[in-house]
Number of protein chains: 4
Amino acid sequence: MTETVGFIGLGSMGLPMARRLLDAGYALRVYNRTPGKAVELLERGAREMKTPAETVEPGGIVITMLANDAALETVTLGEHGMAAVLGADGIHLSMSTVSPHLARRLAEAHRAHGSHYLAAPVLGRPTAAAAGKLFILLSGMAAAKHRVSPLLEAMGQGTHDLGEDPAQGHIAKLAANFMILASIETYAETLTFAEKNGIGRMEMMKLLTGTILNAPLFHLYGELLAKEEYTAPGFKLALGLKDIELILETGANSRMPLPAADLVHNRLLTALAKGRGKLDMTALALGVSEDAGLRRE
Amino acid sequence: MTETVGFIGLGSMGLPMARRLLDAGYALRVYNRTPGKAVELLERGAREMKTPAETVEPGGIVITMLANDAALETVTLGEHGMAAVLGADGIHLSMSTVSPHLARRLAEAHRAHGSHYLAAPVLGRPTAAAAGKLFILLSGMAAAKHRVSPLLEAMGQGTHDLGEDPAQGHIAKLAANFMILASIETYAETLTFAEKNGIGRMEMMKLLTGTILNAPLFHLYGELLAKEEYTAPGFKLALGLKDIELILETGANSRMPLPAADLVHNRLLTALAKGRGKLDMTALALGVSEDAGLRRE
Amino acid sequence: MTETVGFIGLGSMGLPMARRLLDAGYALRVYNRTPGKAVELLERGAREMKTPAETVEPGGIVITMLANDAALETVTLGEHGMAAVLGADGIHLSMSTVSPHLARRLAEAHRAHGSHYLAAPVLGRPTAAAAGKLFILLSGMAAAKHRVSPLLEAMGQGTHDLGEDPAQGHIAKLAANFMILASIETYAETLTFAEKNGIGRMEMMKLLTGTILNAPLFHLYGELLAKEEYTAPGFKLALGLKDIELILETGANSRMPLPAADLVHNRLLTALAKGRGKLDMTALALGVSEDAGLRRE
Amino acid sequence: MTETVGFIGLGSMGLPMARRLLDAGYALRVYNRTPGKAVELLERGAREMKTPAETVEPGGIVITMLANDAALETVTLGEHGMAAVLGADGIHLSMSTVSPHLARRLAEAHRAHGSHYLAAPVLGRPTAAAAGKLFILLSGMAAAKHRVSPLLEAMGQGTHDLGEDPAQGHIAKLAANFMILASIETYAETLTFAEKNGIGRMEMMKLLTGTILNAPLFHLYGELLAKEEYTAPGFKLALGLKDIELILETGANSRMPLPAADLVHNRLLTALAKGRGKLDMTALALGVSEDAGLRRE
C-alpha cells in the first residue's frame, strides 16, 4: 500500500475519493486545474503538482476524475499532459463520465507508450464517495485491473467487470446515468400528477418508495423531488446536460432513438435557459411543474 | 369471519384474491360475466350467482375487480346491477383500476342508497395476489374502512390510507401504474442502448438491479425485458393501453402534459397495430428494439 | 332558392355562414342555445326558434355548426332534438368538427327516420366564412349532396367530395386540423430558433413565406406568430384542445401513434393550465418561447 | 463576366450550380475530392484542379458546396486548403449547409488573410439548382455581397440579405431546413392518419395542397409521400441526419428545446438503423407507417 498514486481532478467527487485513498495509506500526488482545492489533502501528506505530467511516475498509476471529455483529453494528451510520462506499464484509471470514443482514443494513445487505460467510472453521489460506497464500472486489460483492485476497494463497495474493451465501462455508466435521469423525469411527472389531483408529493413519494420503488435511487431523489429542494447540488444541472448529451450522441452513433433521453435533454435546456444551471440536476422537475401551471419561482 | 362477501370479477387478479378470502374463512357469493371461471372456488364452498344483484346482501360487502370503467359501471348501475340491492350500510369495495371520475359518480350513486364506496385498487401482479402480498391503496369513509380491514389483511401485505375522497385511491393507483409503465419504457431504452453498444441486456440489467435499481419492480421487469420473454402475460398489453389512457385522460382533465406517458401510449398503440395485444405489457419494449433496427419477429 | 333552411349554432363560424345563406336568398329558421346571437339575422328576415326541433321542417334541410360532440348530439337526439322532426327525405348538413364515430351514430339514427346525414365540415377561419371562401369536406349519400350543393356554393369556394361514408368528411377535417396545429408548433419552434440565434421572428417568417411556405396557411399564422398577437382569437385555444383530443382519439382508435399531435396536445394543456384558454390557439407558441427561456408574460 | 471563379464541391447540388455559372459565361476552376465528376464541365471549358489551393486565385472568388462541416473545414484550412492562397480581397462564397460556429471560425480565419467570408446557403433541390431557381440566404460584408451578386443571379431566383454576421445565412438555412423536415414528419403523420381511417394518401394530399397547403414545399413532398416513392433521392436521408443534428446542436447551444426536431431525428436514426440511408430523406415517413402497423418492406 505504499505505491504513490497520481490523482487529477479534485471536484465534488474527486476530493472525497482522494481522501479515501489517503485513509487507505496511499501517498498521493494531486493536480487540479484550479489550484487551492487540495488544501485539506496536503495537510494529510498529499503533494500538489503544477502539471498533469508531474503528477505521474513512469510505470505508475494515475487516476482522473474530471468534468468532461475536453478536460480529460487535455490532462492526458495536451501540453504538459501525462500520457508521455506514464510510459511502459503505467495505468490510467479513468473514472470520469466521458464518451466511449474518447476512451477508445486514449486507450490507443496510451498503448503506443506501453501504458494501459482502464475505464472505471462510478455510480454514486459525493456522500457515497466520502463513505467509500461507490459502485465502479470497470473495463480494460485484466492484469491492470488486478493491480488497481486495492485502490478500487478503498473507494467503492463493489466493482462490475465489463470485460476488456476500454469503452464498455463508460457505456455502462452512460446507460446507468440515462436510467437515473429518465427516472427523475418520470418520477417528477408522477409526483406532479398526484399533486394536481389532490395527493401531496411527499405522500405519493412515500407510497411509492414503500412499495414498488423501494430502491436507494428512489429514496434519494424522491426526497429531493417531493420537497422540491434543489439548491444544494449533489450533481449540478449543467453536468446533467453534459451527460445526457453524451448519452444522446452515443445513442445516435449506434443508430438508435432515445425518446426518453430527449425529454430529459429538453427539460435541462429549458432549465438552463431559465438560469438554473447551478441547481441540482433534479431541478429539471421544475419544468414538469411549470408545464402543469404550478408556479415555482 | 363468518360474514358473506360478494365478489364480482374473477379474472387473473380477482380469482387469486377470492381464493385468499376463502382461505381466511369468508363465505363468498361470486359473479363473473363469463361463467365457468369459478369452478375451483365452488368446490371450496363459494356460491356462483347469475347476476351482480344476486351477489350482494342488503347491508353487506361486495368486492369488484374488473377490467375497466364500463364493466364496473354495468355491474353497479346497469340492469341487474348491485347498487340498488346493496342498500343502507352496504359497502362497495372497489379494487379495479378505474377512472377517478367514475369513482366519484359511483360513490354518489351509492350514497343515495345509504351505502359506501371504498376505493381500494391494488399494486401487484397475479403471483402477489395469490400470495396475499398486494399493496392496497385505500380511500373513502373511515367507518367503512374499519369494517373491511380484515378482508384487506387477507389479500394484502399493506394498506395505504389516502383519506376520505373516494377518488384518491384510484388516482394513487394511476400514478403508480404510470411510474411502472414509464419505467418499462426507460428501462427498455437503457437495455437496448447497452445492447447496441456491446453490453448484453442481461448483464446491464444485473448491473442496475445490483446497484441503483435494487427494487422489486426492477428485478421483476428486468428479468422479462432482458430475456425478452413476453408470451406469458402477467398483465396484458391491451390492459396497459387502458391504464395509460386513464392516466392521460386524468392528466388532461387536471390540465397537465405527461410526455413520458405519451411515449408509453405510442409504444402500446404500435404494439397493438402490430397485433401484440395478448403479449405481456412489457412487450412495449419491442418497439424500442425495432426502432433501433433490431429485428425481433 | 326559396327553400327554408334550419340553422343551428350561431357562434363565430355559424353566424357569418348563416349570413351568407341570407345573402343568397334563403329563408332561415335559426337556433342558438344562448339566445340573442341572432339579432342581426332577424333584422334580415331570419326567424329565431326556441328549440332545435322547431328549427326543422319535415323533409327539410338543417345545418348544424356547433362546438363539440356533446352539443351536436343534444340538438340532434336530445330532448327537443331535431332528428325526430326531420323525418323522411330530410337532410342534416353537419358542418361542425366532430368525431367520426358520432357521425356514424347520427347517420344511423337519421336513417331510421328516412333522413340523410351529410358530413360537411369546413376549412377556414371566421373571415373566410364571412367571404364565402370556406372549403367544404363533404361525404354522404349522392342524392343528398346534389340537393345541398347551392347552399354549399353560397358558403364556400370549393367542395371536396369524400364519398358515401358519413364519417369521411370529418376524418379529412381532423387530418387537416392536425396538419394546421402541428404546423403551428413547428413554425413556432422555427421562429423561436431564429430569434434565439439573432434573426427576428418577422424577418424569418417573411423569408419562409416568400420561399418554401408560400401558402395561405403560413401567411395567416406566420403573421400571428411573428407578432405574437394572440388576444383576438379567430379560433380559441380551448377549441384547439377539443380538436387535438378528437384527433388523438381517432388516431388511437385506428391504432396509430401521432407524436406530433402529442406535442400540440401538451402545449395546449400547458397553455390552459396557465389560464390562456381564451387566447387564439396560436398562443400555444408561448410555450415554445417560454421553454427557450424567453419571458412573455 | 470574365472573372475566373473557383468552385469546390461537385455533388448533386454543386454540379448544376457550376453549370449555371458556365452558362452565364464564367470561367471556372473546379475541384472535387472524388475526381471524375467534372467531365461534362470540362467539355464546356472548366479546368479541373488537383487541390483546393490551386482552385483559387489571389483576390478571387471561390464557391464551396460541400456535404458537411468537416469537408468545408478541410478544403479551407486543411493541407492544400485554399484560405492561404485566397489572400487580400478574396471572397469565399460558402453555400453549403454548415454550422454557424464553423462559419464564424472560417470568417475569422479568412479575415486574418484580408479575405471575406460570405454565407450563402440555398433553398431548393437539384432540379431547382439546374433551373437557376434557388433561393439564396446571404450574410456577410456588404462590399463582398455586391461583388458576388451577378453570380448569385446566375444561380438563384432570389436572395435574402440577412445582414453582416457571417453566421446568419447559415442559421436561416438551418431554420428553413428544420421547417421542411418537421413538415415532412407532420405531413407523413397526417397522410397515414387519413390512410388508417379510410382516405387514400393521394386523395388527402390533393385535398391539402388544393386548400391550406398550396405551397411548392407541400406539392413536392406531398407527391413523394403520397406515392411513397423514396428511391430517387433529391436529398439523401443520411444528409437529412446531418442537417437535423446541426439544427439540434445549434438549438442546444442557444439553450432551447426543439421537440419537433427530436421527432425527426429519431425517425432518421431508425431509418438508418434499418439500412435506409440511401433513400430520399422523405423516407423518414416509413417509420410513421410502420409504427401504425402498416408494412412497407
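So in segment A:253-279, with the set limited to residues that are assigned to a loop (DSSP other than H, G, I, E, B) and in contact (Cβ under 8 Å) with a residue 24 or more places away in the chain, which one is nearest to the other protein chains (Cβ to nearest Cβ)?
Ranking the qualifying residues of segment A:253-279, first place goes to A:LEU258.
For segment D:89-127, what are the residues that are modelled with pLDDT of 95 or more and of a type in the set (Gly, Ala, Ser)?
Listed by number, the residues that qualify are D:GLY90, D:SER94, D:SER96, D:SER99, D:ALA103, D:ALA107, D:ALA109, D:ALA112, D:GLY114, D:SER115, D:ALA119, D:ALA120.
Hey, among the residues in segment B:183-200 that are more than 25 Å from the chain's Cα centre (by Cα) and among the β-branched types (Val, Ile, Thr), which one's surrounded by the most Cβ atoms within 10 Å (Cβ to Cβ)?
B:THR190
Counting only residues that are within 14 Å of another protein chain (Cβ to nearest Cβ) and in contact with a His (Cβ under 9 Å, 6 or more places away or on another chain), how many does segment D:103-122 have?
3
Which one of D:VAL75, D:VAL85, D:VAL148 is among the β-branched types (Val, Ile, Thr), closer than 29 Å to C:ASN214 by Cα and either open to solvent by 10 Å² or more (accessible area, probe 1.4 Å) or not assigned by TED's automatic domain parsing to the domain that holds D:GLY240 (or both)?
Of D:VAL75, D:VAL85, D:VAL148, the one residue that is among the β-branched types (Val, Ile, Thr), closer than 29 Å to C:ASN214 by Cα and either open to solvent by 10 Å² or more (accessible area, probe 1.4 Å) or not assigned by TED's automatic domain parsing to the domain that holds D:GLY240 (or both) is D:VAL148.
Of all residues in segment D:161-199, how many are among the polar types (S, T, N, Q) and farther than 23 Å from D:LEU237 by Cα?
Summing the residues that are among the polar types (S, T, N, Q) and farther than 23 Å from D:LEU237 by Cα in segment D:161-199 gives 2.
Is it the case that segment C:237-246 has a residue that's open to solvent by 30 Å² or more (accessible area, probe 1.4 Å) and at pLDDT below 95?
Looking for residues that are open to solvent by 30 Å² or more (accessible area, probe 1.4 Å) and at pLDDT below 95, one finds at least one in segment C:237-246, hence yes.
Would you mind finding the one in D:GLY132, D:GLY140, D:GLY156 that is on the phi > 0 side of the Ramachandran plot, assigned by TED's automatic domain parsing to the domain that holds D:ASP69 and surrounded by 22 or more Cβ atoms within 10 Å (Cβ to Cβ)?
D:GLY140
Which residue is most open to solvent (accessible area, probe 1.4 Å), if the candidates are limited to segment A:26-45 and must be farther than 24 Å from A:THR76 by Cβ and in a loop (DSSP other than H, G, I, E, B)?
Among residues in segment A:26-45 that are farther than 24 Å from A:THR76 by Cβ and in a loop (DSSP other than H, G, I, E, B), the one most open to solvent (accessible area, probe 1.4 Å) is A:ARG44.
Have a look at B:ALA103, B:ALA129, B:ALA88 and point out the one that is assigned to a loop (DSSP other than H, G, I, E, B) and touching a Ser or Thr at 6+ places or on another chain (Cβ under 9 Å).
Only one candidate qualifies: B:ALA88.
Which members of segment D:201-225 meet the condition of being more than 10 Å from every other protein chain (Cβ to nearest Cβ) and surrounded by fewer than 20 Cβ atoms within 10 Å (Cβ to Cβ)?
If the condition is that a residue be more than 10 Å from every other protein chain (Cβ to nearest Cβ) and surrounded by fewer than 20 Cβ atoms within 10 Å (Cβ to Cβ), then D:MET202, D:GLU223 are the ones that fit.
Out of A:LEU152, A:LEU138, which single residue is touching a strand residue (DSSP E or B) at 6+ places or on another chain (Cβ under 7 Å), more than 9 Å from chain B (Cβ to nearest Cβ) and either in a helix (DSSP H, G or I) or under 30 Å from B:LEU174 (Cβ atoms) (or both)?
None of the other options fit; the residue is A:LEU152.
Residues are listed down the side, and each one gets a yes or a no for (1) open to solvent by 10 Å² or more (accessible area, probe 1.4 Å); (2) in contact with a Pro (Cβ under 6 Å, 6 or more places away or on another chain); (3) of a type outside the set (S, T, N, Q):
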{"residue": "A:ARG255", "(1), (2), (3)": "yes, no, yes"}
{"residue": "A:LEU263", "(1), (2), (3)": "yes, yes, yes"}
{"residue": "A:LEU269", "(1), (2), (3)": "no, yes, yes"}
{"residue": "A:ALA273", "(1), (2), (3)": "yes, no, yes"}
{"residue": "A:ARG276", "(1), (2), (3)": "yes, no, yes"}
{"residue": "A:VAL288", "(1), (2), (3)": "no, no, yes"}
{"residue": "A:GLY293", "(1), (2), (3)": "yes, no, yes"}
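As an exercise: evaluate A:SER289 against (1) hydroxyl-bearing (Ser, Thr, Tyr); (2) within 14 Å of chain C (Cβ to nearest Cβ); (3) without any contact (Cβ under 8 Å) to a residue 60 or more places away in the chain; (4) closer than 30 Å to B:LEU138 by Cβ and give the number of the one condition it does not meet.
Checking A:SER289 against (1) hydroxyl-bearing (Ser, Thr, Tyr); (2) within 14 Å of chain C (Cβ to nearest Cβ); (3) without any contact (Cβ under 8 Å) to a residue 60 or more places away in the chain; (4) closer than 30 Å to B:LEU138 by Cβ, the one that fails is (3).
Results for (1) in contact with an Asp or Glu (Cβ under 8 Å, 6 or more places away or on another chain); (2) closer than 21 Å to A:VAL264 by Cα, shown as yes or no for each residue.
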| residue | (1), (2) |
| --- | --- |
| B:HIS219 | no, no |
| B:GLY222 | no, no |
| B:TYR230 | yes, no |
| B:PHE235 | yes, no |
| B:LYS242 | no, no |
| B:THR250 | no, no |
| B:SER254 | no, no |
| B:PRO257 | yes, yes |
| B:VAL264 | yes, yes |
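Select from segment C:160-200 the residues that are over 27 Å from C:HIS101 (Cα atoms), within 7 Å of chain D (Cβ to nearest Cβ) and in a loop (DSSP other than H, G, I, E, B) and list them in ascending order.
C:ASN197, C:GLY198, C:ILE199 - these are the residues of segment C:160-200 that are over 27 Å from C:HIS101 (Cα atoms), within 7 Å of chain D (Cβ to nearest Cβ) and in a loop (DSSP other than H, G, I, E, B).
Of all residues in segment D:46-79, count the ones that are in a loop (DSSP other than H, G, I, E, B) and either of a type outside the set (Val, Ile, Thr) or modelled with pLDDT under 95 (or both).
Within segment D:46-79, residues that are in a loop (DSSP other than H, G, I, E, B) and either of a type outside the set (Val, Ile, Thr) or modelled with pLDDT under 95 (or both) number 13.
Going by what's in this entry, would B:GLY240 be described as assigned to a helix (DSSP H, G or I), in contact (Cβ under 8 Å) with a residue 24 or more places away in the chain, away from chain A (no Cβ under 11 Å) and of a type in the set (Gly, Ala, Ser)?
yes
For segment B:91-118, what are the residues that are buried (at least 24 other Cβ atoms within 10 Å of the Cβ), of a type in the set (Gly, Ala, Ser) and farther than 14 Å from B:LEU137 by Cα?
If the condition is that a residue be buried (at least 24 other Cβ atoms within 10 Å of the Cβ), of a type in the set (Gly, Ala, Ser) and farther than 14 Å from B:LEU137 by Cα, then B:SER115 is the only one that fits.
Among C:LEU268, C:LEU294, C:LEU225, which is the only one that is out of contact with any helix residue (DSSP H, G or I) (no Cβ under 6 Å at 6 or more places or on another chain) and either of a type in the set (Lys, Arg) or farther than 19 Å from D:PHE135 by Cβ (or both)?
C:LEU294
So which of B:VAL62, B:VAL30 ends up being more than 22 Å from B:ALA109 (Cα to Cα), touching a Gly at 6+ places or on another chain (Cβ under 9 Å) and among the hydrophobic types (A, V, I, L, M, F, W, C)?
Result of the check over B:VAL62, B:VAL30: B:VAL30.
The values are calculated or read from the model by the stated rules, or taken from the named source; none is laboratory data. A quick note: this is a predicted structure, and the numbers were derived from the prediction, not measured. FYI the Cβ positions are ideal-geometry reconstructions off the backbone, even for glycines, and counts take in every protein chain you see. Heavy atoms of the whole protein, side chains included, go into the accessibility calculation; ligands, DNA and RNA do not. Shrake-Rupley method; radii C 1.70, N 1.55, O 1.52, S 1.80 Å.
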